[in-house]
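Comments concern the structure below.
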Amino acid sequence: AAGGGVPSKKAHGRLLGENSFTDYYLKYNQTEPPTIPVSQLFEGKGLEYPEGEITPHPLESNNYRENSDEKRARDRLQADIYSKVRQAAEVHRQVRSYAQSFIKPGIKLADMCQMLENKNRELIQEDGLSRGIGFPTGCSLNHVAAHYTPNPGDDTVLQYDDVMKIDFGCQIDGRIIDSAWTVSFNPRYDPLLNAVKEATETGIKTAGIDVRLCDVGEAIQEVMESYEVDIDGKTYPVKCIRNLNGHSIGPYQIHAGKSVPIVKGGDTTRMEEDEMYAIETFGTTGRGYIVEDLECSHYMKNFHAPHVPLRLPRSKKLLAHINKTFGTLAFCRRWLERPDGGSTAVHGTKGKQEKYMGALKNLCDVGIIQPYPPLCDVKGCYTAQYEHTIMLRPTCKEIVSRGDDY
């Protein structure tokens, strides 16, 4: 199909930007549905990837940065990194916009994830560890806040009254874009979604070089907890989920060591120049505290995994597969059971892992692999999330994953 045309299609989910269209990418001569790899729409035509939203760093001590020759020079030295990050961000925008066109009540979550992830692989031109999916597609429902994706055999179907957090990632050379939004169809949840959206925007606004992590958390909490939501005649205050937070991001390391709290009283450590952060907030009608529960789907190799001699041949084989396919990026059981075992570029159609559960448990028991089970508030409550990736550039703050949608 020829690309181009005028964007016109609207998402089914609520509270996405009023100027957002699921086929926005037509303006870049993409096809509908999108099939042209993002690199061909930009680099292939000698064009730069779109910048994210550029804002100054807060704090008066940062006012000099915008026009400092030294800081501008530092900025220019990283142009190639910025280009990779922006390419991954444009893939994220195109994939999520495409997904917004088919996410509606009645879809099976496993089908939804497969469609989204296959489009991600296609538009980023998946190539093993050098470019591909950043982590499994989270589609946590209602009282489950994070780290749920369907395991093989899970036939859960999206309902009109569900509140679903779609959290997925793209990576190029280990530069990960981590961004999420909340899907709902029933207007009764609007105040919950608005609270979280506003709280995330406040976190983004407050973040910057030399800003204390605790100050970001305090600003987020103040906004989040100014909202309440009426469900079936009962009024619930919106609470921050106090043991969830944003995080710094490093190459091939989704959680790189610093946490951005979403309540007051946190760490006084400061954000620094050249760091990347996922700023995410979670609001809930529940108790504001999550615990690990339900069957695990998400796993990730420990970034600083010790070299443990493995006795079981099956464990050795699975670890070799993980090292080659995912490295230190997160993965899920569904991917291990694909014909390509998680990467067509690496394995072709000969990657499928069989009878791997015992080996996977063994790798978790010895500390090489970390399981990340679903994170749940109290059953019957509703949780929402919005998240963006930001770069703390020497001259400015760039909200790289910003789109017309959120």
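Give the residues of segment 248-290 that are farther than 16 Å from Val211 by Cα and part of a strand (DSSP E or B), sorted by residue number.
Result: Ile249, Gly250, Gln253, Glu280, Thr281, Phe282, Gly283, Thr284.
Out of curiosity, is Asp215 part of a loop (DSSP other than H, G, I, E, B), open to solvent by 20 Å² or more (accessible area, probe 1.4 Å) and at pLDDT 95 or above?
Criteria not met by Asp215.
For residues that are in contact with a Gly (Cβ under 7 Å, 6 or more places away or on another chain) and farther than 15 Å from Ile204 by Cα, scanning just segment 261-276, find the one that is surrounded by the fewest Cβ atoms within 10 Å (Cβ to Cβ).
Looking at the filtered set, the residue picked out is Lys264.
Given the structure, is Leu141 open to solvent by less than 10 Å² (accessible area, probe 1.4 Å), of a type outside the set (D, E, K, R) and within 29 Å of Lys239 (Cα to Cα)?
When the stated conditions are applied, Leu141 does not pass them.
Restricted to segment 14-40, and to residues that are among the hydrophobic types (A, V, I, L, M, F, W, C) and either in contact with a Lys or Arg (Cβ under 6 Å, 6 or more places away or on another chain) or within 24 Å of Arg393 (Cβ to Cβ) (or both), which residue is surrounded by the fewest Cβ atoms within 10 Å (Cβ to Cβ)?
Phe21
Sort out which residues of segment 74-109 are of a type in the set (A, V, I, L, M) and either more than 23 Å from Leu16 (Cα to Cα) or open to solvent by 20 Å² or more (accessible area, probe 1.4 Å) (or both), and write them in order of number.
Across segment 74-109, the qualifying residues are Leu77, Ala79, Ile81, Val85, Ile107.
From the list Gly132, Gly106, pick out the single residue that is touching a helix residue (DSSP H, G or I) at 6+ places or on another chain (Cβ under 9 Å), at pLDDT 95 or above, at positive phi and not in a helix (DSSP H, G or I).
Within the list Gly132, Gly106, the selection yields Gly132.
For segment 301-324, name all the residues that are of a type in the set (Lys, Arg), open to solvent by 90 Å² or more (accessible area, probe 1.4 Å) and either within 21 Å of Gly250 (Cβ to Cβ) or in contact (Cβ under 8 Å) with a residue 60 or more places away in the chain (or both).
Across segment 301-324, the qualifying residue is only Lys324.
Those residues that are touching a Pro at 6+ places or on another chain (Cβ under 9 Å), open to solvent by 30 Å² or more (accessible area, probe 1.4 Å) and in contact (Cβ under 8 Å) with a residue 12 or more places away in the chain, I need them from segment 58-69; list them, please. Quick ask: steps written out before the conclusion?
Step one: of segment 58-69, the residues touching a Pro at 6+ places or on another chain (Cβ under 9 Å) are 62-63, 65-66, 68.
Next cut, open to solvent by 30 Å² or more (accessible area, probe 1.4 Å) only: 63, 66.
Correct list: Glu66 only.
Quick one: in segment 248-260, of everything that is crowded, with 19+ Cβ neighbours inside 10 Å and either out of contact with any Asp or Glu (no Cβ under 7 Å at 6 or more places or on another chain) or of a type in the set (D, E, K, R) (or both), which residue is nearest to Asp173 (Cα to Cα)?
Among those that are crowded, with 19+ Cβ neighbours inside 10 Å and either out of contact with any Asp or Glu (no Cβ under 7 Å at 6 or more places or on another chain) or of a type in the set (D, E, K, R) (or both), it is Tyr252.
Mind listing whichever residues of segment 41-57 are aromatic (Phe, Trp, Tyr) and surrounded by fewer than 15 Cβ atoms within 10 Å (Cβ to Cβ)?
Hits for segment 41-57: nothing passes.
The values are calculated or read from the model by the stated rules, or taken from the named source; none is laboratory data. As the structure is a computational prediction, the values presented were derived from the model and not from experiment. Cβ atoms come from the backbone with ideal geometry, glycine included; neighbour counts cover every protein chain shown. Keep in mind that these areas ignore ligands, DNA and RNA; they rest on the heavy atoms of the full protein, side chains included. Shrake-Rupley method; radii C 1.70, N 1.55, O 1.52, S 1.80 Å.
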